[in-house]
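Okay, so here's the structure we're looking at.
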Amino acid sequence: MSIGVAVIGVGHWGPNLARNLHNELGVELRWVVDRDPDRLDYVRQSLPGVGTSTTVDDVWSDPEVDAVAIATPTSTHGKLVEEALRSGKHVLVEKPIVDDSVLGTSLVDLAAELGLVLMVGHVFLFNEAILVAKRLLDEGELGEVFHVTMVRTNLGPIRYDVNVNWDLAAHDVSIANYLLGSGPLSVSAVGGSWINPDIVDAVFATLRYPGNILVNLHLSWLSPRKVRDITIVGSEKMLTVDDLSLTEPIRIHDKGVSAERITPTWTDNYMSFRSSVRDGAIHIPKVNLNEPLKAECRHFLENVRSGETPRSDGAFGVGVVRVLEAIDRSLESSGSEHAV
Ligand SMILES: NC(=O)c1ccc[n+]([C@@H]2O[C@H](COP(=O)([O-])OP(=O)(O)OC[C@H]3O[C@@H](n4cnc5c(N)ncnc54)[C@H](O)[C@@H]3O)[C@@H](O)[C@H]2O)c1
């Protein structure tokens, strides 16, 4: 079955969605909508034959459109997702699903009631390196997970509609929730605003997951280096992901520390533990790097066809939003611990 699709919002990210959906076999990209007519010039040049419009009403009233992809600013998602669902369209909405978890839950309920797919564009859930890390964790390769460090820094792009938490933590929280198979129980976070007094530019957050797993996030758009690093420390092995590496994003470090309780001697009556460090080999598994957004679009289309639940469905997206809300609450209370 051929699927008719539309893309709404072609600023920075939307053109990538439009390109991927346009190139997919069995898909007809019928409309690209942006309220800024200048943005539609790009579509007329690069995707000839695709309808363009400055109003979403053209999409809602087109019976040949089965599904839409929404890449407008986060504050506009709620209204657009609701209108799309009420017009009978399946929805792929960019992350974060919305800026309010209560609103997000109502959209999840609406999609379920109408029998429509609601998927959130958490693109890292379609990144091969993250999928390999997930498989290794699920297979117990690292043993029991102790703690995770995630660094996402760069100089820009600086946003004026959302703070760095809503812009960047959405990625890391989605990765952590996916890898660990649940959301955190509580968060504490501090941050600072140096560029615009009302918008936080850097966040240092600690998330406490079930099983006493600690996840630390360092997020900044005010940093000299672009870093996309994850370190997972387990009882048996440790794993690092460098998302900027095009060839070897994952390393499994056969490193660890074993400690044993010992009986204190007469010379040393306070030391009751002896530890030994294992500093073994580093294994670099083969990762077949793909274009994650292409895989994400394909997953959405498969779910539209099959009616199955997407990996990053609306409920998953709302789970991420709850964490972002808790981080904001903690930022406002100088880092005190907040339940999610
Ligand atoms: N998955 C990712 O890695 C990734 C990367 C970047 C952005 N995003 C997400 O994509 C979304 C868009 O981000 P962006 O950087 O492309 O923003 P942007 O501001 O560059 O582009 C948004 C576009 O939407 C248009 N628009 C706004 N309101 C509209 C409406 N009601 N109807 C039609 N068009 C409208 C604007 O004119 C603009 O062209 C955000 O939710 C963002 O978080 C995701």
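On the stretch given as region 110-144, residues that are surrounded by 23 or more Cβ atoms within 10 Å (Cβ to Cβ) and farther than 22 Å from residue 168 by Cβ total 2.
Residue 21 meets all of the listed conditions (1) hydrophobic (A, V, I, L, M, F, W, C); (2) surrounded by 22 or more Cβ atoms within 10 Å (Cβ to Cβ); (3) farther than 25 Å from residue 318 by Cβ; (4) at pLDDT 95 or above but one, namely (3).
Among the conditions (1) free of Cβ contacts under 8 Å to residues at least 40 places away in the same chain; (2) in the same structural domain as residue 221 (by TED's automatic domain parsing); (3) assigned to a helix (DSSP H, G or I), residue 171 misses just one, which is (1).
For region 71-138, the helices (runs of 4 or more DSSP H) that sit wholly inside it and include 3 or more residues that are closer than 27 Å to residue 54 by Cβ are 77-86, 101-114. Residue 148 falls short on exactly one of the conditions (1) within 16 Å of the ligand (Cβ to nearest atom); (2) modelled with pLDDT of 95 or more; (3) not in a helix (DSSP H, G or I), and that condition is (1). Among the residues of region 40-54, those that are among the hydrophobic types (A, V, I, L, M, F, W, C) and in a helix (DSSP H, G or I) comprise 40, 43. Would you please name the residue that is modelled with the lowest pLDDT, looking only at residues in region 1-12 that are more than 14 Å from the ligand (Cβ to nearest atom) and in a loop (DSSP other than H, G, I, E, B)? Looking at the filtered set, the residue picked out is 1. Just one residue in the set 333, 272, 245 is without any contact (Cβ under 8 Å) to a residue 24 or more places away in the chain and in contact with a Pro (Cβ under 7 Å, 6 or more places away or on another chain); that residue is 272.
Residues satisfying the criterion are absent from region 221-238 (criterion: touching a strand residue (DSSP E or B) at 6+ places or on another chain (Cβ under 9 Å), surrounded by fewer than 16 Cβ atoms within 10 Å (Cβ to Cβ) and free of Cβ contacts under 8 Å to residues at least 40 places away in the same chain). Every condition in (1) outside any helix (DSSP H, G or I); (2) in contact with a strand residue (DSSP E or B) (Cβ under 6 Å, 6 or more places away or on another chain) holds for residue 331 except the one numbered (1). Cβ separations smaller than 6 Å between residues 6+ apart or across chains give the following pairs from region 60-75 residues that are without any contact (Cβ under 8 Å) to a residue 60 or more places away in the chain to residues that are away from the ligand (no atom under 12 Å from the Cβ): 60/87. Scanning region 66-104 for residues that are under 20 Å from residue 326 (Cα atoms) and polar (S, T, N, Q) yields 74, 75, 101. When region 55-67 is limited to residues that are assigned to a loop (DSSP other than H, G, I, E, B) and within 12 Å of the ligand (Cβ to nearest atom), the one that is nearest to the chain's Cα centre (by Cα) turns out to be 56.
For the condition more than 13 Å from residue 145 (Cβ to Cβ), in the same structural domain as residue 332 (by TED's automatic domain parsing), modelled with pLDDT under 95 and hydroxyl-bearing (Ser, Thr, Tyr), residue 247 qualifies. Residues that are near the ligand (Cβ under 10 Å from one of its atoms) and in contact (Cβ under 8 Å) with a residue 40 or more places away in the chain within region 13-54 comprise 13, 14, 16, 17, listed in sequence order. For region 300-315, give me the residue count where each residue is assigned to a loop (DSSP other than H, G, I, E, B), buried (at least 17 other Cβ atoms within 10 Å of the Cβ) and more than 19 Å from the chain's Cα centre (by Cα). Qualifying residue count, region 300-315: 0.
The values are calculated or read from the model by the stated rules, or taken from the named source; none is laboratory data. In this text the structure is predicted, and so the values were computed from the model without any measurement. Heads up, the Cβs are rebuilt from the backbone with ideal geometry, glycines too, and the neighbour counts pull from every protein chain shown.
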